[in-house]
Amino acid sequence: MKTPSLRFPFLLRSSLLVLGLVVFSGLHFGPGLTWDGLAVASLFAAEPPAGSSSEPGPGHESPVSLVLVSLVVILLSAKLGGALMERFRQPAVLGELIFGVILGNLSLLGFHGLDYLKSNEAIMILAEIGVIFLLFEVGLESNIKEMLEVGLSSFLVALVGVILPMLFGWGVGAWFLPQAGTLVHVFIGATLCATSVGITARVLKDLGKTSAKESRIILGAAVIDDVMGLVILAAVAGIIKAADRGAAGISVLSIGFIILKAVAFLVIALWIGSRLSPRMFSLASKLNVHGMLLATSLSFCFLLSYLANRIELAPIVGAFAAGLILDPVHYRDFRERGEHSVEDSLRPISSFLVPVFFVLMGVRVDLRTFADSSILGFALILTVVAILGKQACALAVIEKGLDRLSVGIGMIPRGEVGLIFASIGASLMLQGSPVISSSTYSAVVIMVILTTLVTPPLLKISLARGDRRRRLRDQSKRMAVQ
C-alpha cells in the first residue's frame, strides 16, 4: 500500500495532467467551446447566431458541455487545493478558496479562458444549491437542546462576539468607504458577526480538546452566534431591499418588523417543524423505496428554503432551520431497516456541490483591486478588528479558572459564514449598485482567509499554554497542602 506521502505527489501529478488536458481540449473545442469570452458568452445568448441551427451538431456544442468542463476544472482544483492545505494541517475549505482565487485571476497572466466562471448562471445556481446543503449540514450538526444547555457563558460569549465585531466592522467601513451609505457600512459589519463552527470544531478535534470546558463554550457559542448572525443577515438584507424599493427613509417600525419577521420565521419553523417532522418521516417510512429518507430530508430542506425566500429572507435561513429541526429520532424507522443517517447520505452530494461554492467565491476575487493601497489597508484593518472583536468576547466567560484567551481565539475563524454573507451582499442592489462592491468583496475574502489561517496555530499555542498554567497551579496547590 502506498503511504500518504507517496500518494499526494501522484494525486498532484494526476490532477495537473487532467487540468492540462481540459485546457488543451478547451482550446480546440471549436466555435461552441473556445475559451475566449465572446464564444463562451454566445452559448448563453438568447438568440443563436445568424445562419446557425438551434440544434447542437457538429461544431455546435451544447451549453451543458461548458458546464461539464467547468465542473472538471472546479472540482479538481477544489480537491487539489483541499489536499494541499490538509497536508499543512489547515482546513480544506481554505485550499478551495485559494485555488478559486488563482483560477479567477489567471487573466493577470494573459489567460482569459476561465473568466466566464464569474458570470456563468448555471455554475452560480450550483454554487447557491451548494451553500443550501452546507447550511443544512451545519443545522444537522447542531442541536437545539444542547444549545439551550451550554450555559450562560456560551450565550454571553456569542452575544458579545456578534455585537462587537459588527460595530467594529461598521466603523471600519465608515472610515474607509465614507462615500458609501450607512446600510453598506452596516452590512460590512454583519460579515464579521458569525464564527465558523466547522473550522473551529475541526481544529479542536485535531488537538484532542473537544471535551475540554473551553471547547464546549467555544462550540456552543459558535452555534448560537451562527443563529444570531443569520437573523442579523436576514434583517439587514431586508432593510436594504426595502430601501432599494424607493422609500426615502425607513422607519424604526419598519426595521423592527423586518427583524421580527426573521426571528418569527425561525421560531415558527422550529415549533411547527419539530411537530410535523416526526409524522412526515413516519408516513414516508411506509413507502419501502430505497433513498426515501434522503428524498424526504431534502424535500423538507428545500421547502423551508423556499418559504424563507418567499418572505424575503435568504434561503440559507430556511436550510439551517430544517437542519436544526431534523433529529435522528424522527427517522428511527428508516434506521431500523438499515438506511444510512441523513448526514451520511448527504455527504457525497455536499462533497460535490459545496466545493463549487467555495471555489466560485474565490474566483470572484479580483486581485487587481489590491493595486489600490487603500483597499489592501481596508482588508488588513478589517482582519484586525475581526480578530479583536472575537477576542473581546472572551471577557464574557463567567466561570473562573478557564482559559479565556483560548475561548477568544477559538471564535476567530469566519470561514464559510463570512463568505456567505459577502456573496449575498454582492447580489443585493442599493440604488443601482451592489452593496458589496468588487473591491470590498475582495477585502472580505482576504479577511476570511487570514482569520482561518491564524486560528489553528494560535489555538494550539494557547491551549498548550493553558495546560501548562493549569499544571503549575495544581502543583502549587499540592505543595501548599503538603
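With the requirement that a residue be closer than 20 Å to L80 by Cβ and among the hydrophobic types (A, V, I, L, M, F, W, C), what does segment 109-133 give you?
Residues satisfying the conditions are L109, F111, L114, L117, I123, L126, A127.
Can you pull out the residues in segment 306-325 that are touching a Ser or Thr at 6+ places or on another chain (Cβ under 6 Å) and surrounded by fewer than 23 Cβ atoms within 10 Å (Cβ to Cβ)?
If the condition is that a residue be touching a Ser or Thr at 6+ places or on another chain (Cβ under 6 Å) and surrounded by fewer than 23 Cβ atoms within 10 Å (Cβ to Cβ), then P315 is the only one that fits.
Please determine, by comparing only the residues of segment 250-271 that are in a helix (DSSP H, G or I) and β-branched (V, I, T), which one is farthest from the chain's Cα centre (by Cα).
Here the answer is V252.
Please determine, by comparing only the residues of segment 157-211 that are without any contact (Cβ under 8 Å) to a residue 40 or more places away in the chain and of a type in the set (V, I, T), which one is surrounded by the fewest Cβ atoms within 10 Å (Cβ to Cβ).
The residue in question is T182.
Among (1) under 25 Å from A426 (Cα atoms); (2) among the hydroxyl-bearing types (S, T, Y); (3) at pLDDT below 85, which single condition is T191 missing?
Exception for T191: condition (3).
Output the residue which, of all residues in segment 334-378 that are assigned to a helix (DSSP H, G or I) and among the hydroxyl-bearing types (S, T, Y), is farthest from I436 (Cα to Cα).
Checked segment 334-378; the qualifying residue farthest from I436 (Cα to Cα) is S345.
Residues checked against (1) in the same structural domain as L419 (by TED's automatic domain parsing); (2) on the phi > 0 side of the Ramachandran plot; (3) in contact with a Phe, Trp or Tyr (Cβ under 6 Å, 6 or more places away or on another chain):
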{"residue": "L94", "(1), (2), (3)": "no, no, no"}
{"residue": "L97", "(1), (2), (3)": "no, no, yes"}
{"residue": "N105", "(1), (2), (3)": "no, no, no"}
{"residue": "F111", "(1), (2), (3)": "no, no, no"}
{"residue": "V131", "(1), (2), (3)": "yes, no, yes"}
{"residue": "S142", "(1), (2), (3)": "yes, no, no"}
{"residue": "G169", "(1), (2), (3)": "yes, no, no"}
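Since G208 meets every condition but one in (1) more than 19 Å from R404 (Cβ to Cβ); (2) outside any helix (DSSP H, G or I); (3) modelled with pLDDT of 80 or more, which condition does it not meet?
So G208 meets the others, but not (3).
Do you know which of the residues in segment 430-482 that are of a type in the set (A, V, I, L, M, F, W, C) and without any contact (Cβ under 8 Å) to a residue 12 or more places away in the chain is nearest to V384 (Cα to Cα)?
Looking at the filtered set, the residue picked out is I461.
Out of the residues in segment 363-391 meeting the condition of being modelled with pLDDT of 90 or more and either touching a strand residue (DSSP E or B) at 6+ places or on another chain (Cβ under 8 Å) or among the small types (G, A, S) (or both), tell me which one is farthest from F99 (Cα to Cα).
In this case the residue turns out to be G389.
Being free of Cβ contacts under 8 Å to residues at least 12 places away in the same chain and part of a helix (DSSP H, G or I) is the filter here; which residues of segment 399-415 pass it?
R404
Quick check on my filter: what residues within segment 124-156 are acidic (D, E), at pLDDT below 90 and surrounded by 16 or more Cβ atoms within 10 Å (Cβ to Cβ)?
E137
Got at least one residue in segment 393-404 being surrounded by 14 or more Cβ atoms within 10 Å (Cβ to Cβ) and within 21 Å of the chain's Cα centre (by Cα)?
no
The values are calculated or read from the model by the stated rules, or taken from the named source; none is laboratory data. Just so we're clear, the structure is a prediction, and the values are computed from it rather than from any experiment. For neighbour counting, all protein chains shown are included, and Cβ atoms are generated from backbone atoms with ideal geometry for every residue, glycine included.
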